[in-house]
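Following: one structure in structure tokens, then a few remarks.
The values are calculated or read from the model by the stated rules, or taken from the named source; none is laboratory data. The shown structure was predicted, so the numbers you read here are calculated from the model rather than taken from an experiment. Glycine gets a Cβ as well: all are built from the backbone with ideal geometry, and neighbour counts include every protein chain shown. The accessibility values were calculated without ligands, DNA or RNA, using every heavy atom of the protein model including side chains. Shrake-Rupley method; radii C 1.70, N 1.55, O 1.52, S 1.80 Å.
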Amino acid sequence: MKWIKLQKYIYLGIICLLFPLFSFALDNELPIPDSLLLKVQNAKRDSSRLSAMYNIAAWLKDHRSDLAEQYFLQVVDLAQKSENIMYIAKMENLYGIYYYNLPDYDKALQHYYKTISLFDSLKNEKELARAYYNVGLTFGKIKDFPKALSFYRKAQSMNQKIGNVSSLIKNYNGMGFLYDDMGKKDSAFFYYQKSLDLATAQKDTKGIMIARSNLGDICMANHHYKEAEAHFITTYQITLALKEPHRIVIAARSLGNLYLQTGRLVEAEKYLKAALTHSEKQAYKQDIEKCYLYLSQLAEKKGNPSQALAYYQKYHAISDSVLNDEKNKSIREYDIKYQSQKKEQENNLLRKKNTIKGLQIYGLGFIAILLALFIAYFYYINQQMKHKNALITQQKDELFAANQALNALLQEKDNIIATVSHDYRSPLGRIRAVVDLVMLQKENLSEKQQKHLQKIPVILAEATHLIDDLLDVTYIDRLTSQLHPERFEVKGELQAIIEDYQHWITQKNLTITYHFPSENCEIYTDKPAFKRVFDNLISNAIKYSHTHKNISLFIEKQEKRYSIVVKDEGQGFSAEDKTRIFTRFQRLSAQPIAVGNSYGLGLSIVKTLVEGLGATIELEESTAGASFRIDFE
């Protein structure tokens, strides 16, 4: 029994001795700046090493949140071993910020409360006030306004007590934002003004900028446009001086919107275009989206409907891109939460194993060390196998549960898309009926009015086409499993599709060339799917072609096999486009010219339908334009 107990302590002692080596190896695997790593490697005392490792943890939190948590554990373990309460408290605060950004507000609050308890025990009022502010900010996010106000006031009281003016300026802004969120504009104005007064007294330029921007928003909401203008102009001047790109965009857009609302259209255009230029330079998609929307409204007020439509189409395109980004972000956040929960479980297991402190063994000779290492090796292998088996079982259960939840979400998504698509068709049909009624009495309309009315059916057709694409993407697997092949003649079907787009062909002065065999060309396949495929390819050829160009259709017969080629002289595809041409929701480098829109769905639907028909599709090499070949067996 004594030997078994001694053996256990030997294992623990060896693990404690080797822990710094494992930590050092992990440090070198993480993609962090060399300057931060060198400080860890050169640290001679635990306090110095702890400080350097904390800086790395903070860097990972801001730049690589997916790797942050596994490194946090090392810093916490070192802080606990050295009994450094200050860094334990700092790490709890860092955990809180990490979970706040995920966002996982419940876990963020748990860590912030631990932070408050630790800094309270240290009597560190500055850090305690900061922790109170973070808790107030988090309660504000989950709309628990009474608790948010309570913690903001605690932070305010403590900052006033210790004379921490910079934090007090931030505190007042936070309280103003909270009251604004609650719909209490007067209280919000009061705290924003207090923040401005204090920042002005301290000559805190950034604090002045933030407070004036918030005050401008309040004044504008209350229709106090002169005061709002003064605040926004000052904010804009400060942002230019500080060279903060995102703040410049917000200030310029606020001024542009103000002038738009007050009818000062020249000034509105100046600042909105400035905001758009800075947004595009920094690739701020959400800001670009808002700028296009305001510019569309501006063009409409100036009586320029074509420009208003052009800006609105750009707004719609960037809005789709932002929506896709938000979906991808949600998926990434779900993945990070899942990985975080899994690692937390692993960390809890490690903490339980490390609760027993090892005894240091002195006086053991070389033979005893070799024997201990030999035993420890086999013990480690055995424990690793058990741990891996348990982990695999746990991961299988978690993956099964995640798959079940994902399938439920996918079904819910399909139902929502089907419902929304159905609800949109009805108003589109009513709009088309109203237009037809008006056109029955077109002799009472001016030529310009008739021209605008004739555009509406085209736009309605595009909207209907988009709804069809969304439904096809949603139910594509069901569509390809319910195909009903029949024998039919293809030349007439292709010519009928061309006739459907004759108005676009005439508008762009395009030439259609048929290279068909003289005899009948019959194939055995699903007719609706065939028409859907070539409607997509032909409409794309028309949309992406410049005016006065040629579109060619080829039918080639080789024994019992037919090949149909759709070739245009349009913009073609870049090398990067070709790698993702058949992927859903991909906007390629080419853009529609004069007619139509692109939503990134058509070619993915085409490929799925072609494969469902038992055919193959190929993008052929072409010196100009695009050439698609589909081979039917």
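Things worth noting here:
- Candidates GLU229, GLU244, filtered to the one that is at pLDDT below 90 and surrounded by 14 or more Cβ atoms within 10 Å (Cβ to Cβ): GLU244
- Qualifying residues in segment 508-533 (those that are in a loop (DSSP other than H, G, I, E, B) and without any contact (Cβ under 8 Å) to a residue 24 or more places away in the chain) - the one least open to solvent (accessible area, probe 1.4 Å): GLU519
- If you go through segment 180-226 and pick out every residue that is open to solvent by 20 Å² or more (accessible area, probe 1.4 Å) and in a helix (DSSP H, G or I), you end up with 26.
- Checking each residue in segment 132-166 for being in contact with a Phe, Trp or Tyr (Cβ under 6 Å, 6 or more places away or on another chain), of a type in the set (A, V, I, L, M, F, W, C) and either assigned to a helix (DSSP H, G or I) or at positive phi (or both) picks out VAL135, ALA148, PHE151, ALA155.
- Residue in segment 254-274 that is of a type in the set (S, T, N, Q), open to solvent by less than 30 Å² (accessible area, probe 1.4 Å) and assigned to a helix (DSSP H, G or I) present: yes
- All positions within segment 540-571 that are assigned to a helix (DSSP H, G or I) and touching a residue at least 60 places away in the same chain (Cβ under 8 Å): ASN540, ALA541
- You will find that of LYS90, LYS61, LYS39, the residue that is open to solvent by less than 40 Å² (accessible area, probe 1.4 Å) and basic (Lys, Arg) is LYS61 and no other.
- If only residues of segment 27-36 that are within 25 Å of TYR380 (Cα to Cα) and exposed (fewer than 12 other Cβ atoms within 10 Å of the Cβ) are counted, the one that is modelled with the lowest pLDDT is ASN28.
- The set of residues from segment 572-588 being surrounded by fewer than 17 Cβ atoms within 10 Å (Cβ to Cβ), without any contact (Cβ under 8 Å) to a residue 24 or more places away in the chain and in a helix (DSSP H, G or I) comprises ALA575, GLU576, THR579.
- Checked against the criterion of being part of a helix (DSSP H, G or I), open to solvent by 80 Å² or more (accessible area, probe 1.4 Å) and among the charged types (D, E, K, R), the candidates LYS126, LYS107 yield just one match: LYS126.
- Residues that are at pLDDT 75 or above, more than 30 Å from TRP504 (Cα to Cα), of a type in the set (A, V, I, L, M, F, W, C) and over 28 Å from the mean Cα position of the chain (by Cα) do occur in segment 470-489, at least one of them.
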